[in-house]
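Okay, structure first, notes after.
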Amino acid sequence: MDYSAKISIVVPVYNVEKYLPECLSSLLNQTLLDIEIICVNDGSIDNSLEILNTFANTDNRIVVLSQENKGLPAARNAGLQIARGDIVMFCDSDDLLAPNACERIWREFLEAPTDICVFGTAMFPQLSDPTPWYYSVLNISTKRFDHFTPDVLFGGHGALPFVWRQAYKREFLQEYNLSFAEDVKFGEDSVFQLEAFPHGRNFSFIADKLYKYRWVRPGSLMADVNKNKDEKIAKHMIMLKHVFACYKKNNWFEDFGPELMEWCLRFVVPDCLGKSVRRGKDHLREFADLIVAYDAQKYLPKVNKSAQYLVDKLPLEKRF
């Protein structure tokens, strides 16, 4: 491809030979033709690379990169480094895009200044009912923001936690040198968003269900992590350490401290209290130590009353 595409779609690929052809077909069949599809083969040991090369040989809009296995964040970063589209999107290699997704998103960026666009998601396959959390998170309302407010991230039907249902102006990503934290192996989406969104100036939310999310897949990263709740919480703590450091560096605690702390409480504490967690008290102590290390305990009394019961679960009595 010797021109700058309107939209770049970054697709990390790791051992998904069963799902990859359907994903790539959904991207190639977009009604907006001027796109590039950057597929980063992250050390797959199945036939994924062969499938990528076969598709690339039939359509020059597909760019294939190969690297040793470094994890999802590194694969996305590799795609970001060579993206040439005015807009950058992400698609997981077992998911799909609606046929009009790129065209609809491109039109949204044309209609008004936009740094980040968030769009709705449909779930498949219909094997059983997802939890209410999925419906709450993935269904959004159409609205615009002309500046960043905590509601963009933390409000009802906000942007968190999945980066694949968002599109970013590439100039915005470059302006703030935004990339994925490569040592965060689970939840890197949220770390990226929590860093990126406060820099934004204009946001668009569109209710259209443009992304098709395969919410259950044996062997997926989410499925594997959920098998061990203690391991999951430990990975979440790595996330929060990144987020706290970023917010301190940018002096964002002063502006968004209560909202961030409420999100963190709801994100971590209920899991620590779960019956299948063996080291819940240790996790809560580590979380409390992190809060104190960043002098963030002063924001806890300011979180919504509905979250105060979570504050009470932390071993912080002598440190307020």
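Relative to one another, the C-alpha centroids of region 45-82 and region 167-216 are positioned 20 Å apart. Entry note, the chain: relative contact order of 17 percent, from Cα contacts under 8 Å with a spacing of 6+ residues.
Run the accessible area of region 246-292 with a 1.4 Å probe and give the carbon-and-sulfur part as a rounded percent.
Details: 1170 of 2530 Å².
Exposed carbon and sulfur together represent 46 percent of the surface.
Could you tell me what % of all Cα pairs in region 133-289 have separations over 24 Å? Present the calculation step by step, with values, prior to reporting the outcome.
Values: 4547 of 12246 pairs.
Roughly 37 percent, rounded to a whole number.
Can you list the GluC sites (Glu not before Pro) in region 243-320 that are in a DSSP coil and have 15 or fewer other beta carbons within 10 angstrom? Within region 243-320, the qualifying GluC sites (Glu not before Pro) (loop, at most 15 other Cβ atoms within 10 Å) are Glu317. Counting only protein heavy atoms and a probe of 1.4 Å, the accessible surface of region 1-77 is 49% carbon and sulfur.
Taking a ≥ b ≥ c as the square roots of the eigenvalues of the Cα gyration tensor, an a/c ratio of 1.5 or more together with a/b no larger than b/c marks region 50-147 as oblate.
Using the structure shown, list the pairs from Lys18/Lys241; Lys235/Lys275; Lys70/Lys232 with a Cα-Cα distance above 28 Å, or answer none.
Details: Lys18/Lys241 36 Å; Lys235/Lys275 18 Å; Lys70/Lys232 19 Å.
Distance filter (> 28 Å) returns Lys18/Lys241.
Cβ neighbours within 10 Å, averaged per peptide: list 11-20, 296-305 in order, most packed at the top.
Working: 11-20: 21.0, 296-305: 14.9.
Output ranking for 11-20, 296-305: 11-20, 296-305.
Each of Pro132, Thr121, Phe145 was placed along the dipole of the chain (beta-carbon charges, centred on the mean Cα), and the one lying farthest toward the positive end is Pro132.
Accessible surface calculations at 1.4 Å, restricted to protein heavy atoms, place the chain at 45 Å² per residue.
Once you have a ≥ b ≥ c as the square roots of the Cα gyration tensor eigenvalues for region 164-220, tell me rounded if a/c is under 1.5, and otherwise prolate or oblate according to whether a/b is larger than b/c. Working shown, then result.
On the way: a/c = 2.63, a/b = 1.25, b/c = 2.11.
Verdict is oblate for region 164-220.
Close amide H pairs (under 5 Å, H built 1.01 Å from N) link Ala98 with Tyr211, Lys212, residues at least 5 positions away or on another chain.
Counting only DSSP beta bridges with both residues in the chain, what percent are antiparallel, rounded to the nearest 5? Can you show the working numbers first?
Details: 11 of 37 bridges.
In the chain, DSSP labels about 30 percent of beta bridges as antiparallel.
In order along region 254-267, the phi-based Karplus estimate (6.51 cos²θ - 1.76 cosθ + 1.60, θ = phi - 60°) of 3J(HN,Hα) comes to 5, 8, 10, x, x, 5, 5, 5, 5, 4, 4, 4, 5, 6 Hz; Gly and Pro are listed as x. By the rule of a C-alpha distance below 13 Å, with chain neighbours fewer than 8 residues away ignored, the aspartates and glutamates paired with Lys305 are Glu259, Glu262.
When Rg and Dmax are taken over the Cα atoms of the chain, they come to 19.9, 65 Å.
The values are calculated or read from the model by the stated rules, or taken from the named source; none is laboratory data. Worth saying up front: this structure is predicted, and the values here are computed from it rather than measured. No Cβ is skipped: glycine too gets one built from the backbone with ideal geometry, and neighbour counts run over all protein chains shown. Quick note on the areas: whole protein, heavy atoms, side chains included, nothing else; ligands and nucleic acids left out. Shrake-Rupley method; radii C 1.70, N 1.55, O 1.52, S 1.80 Å.
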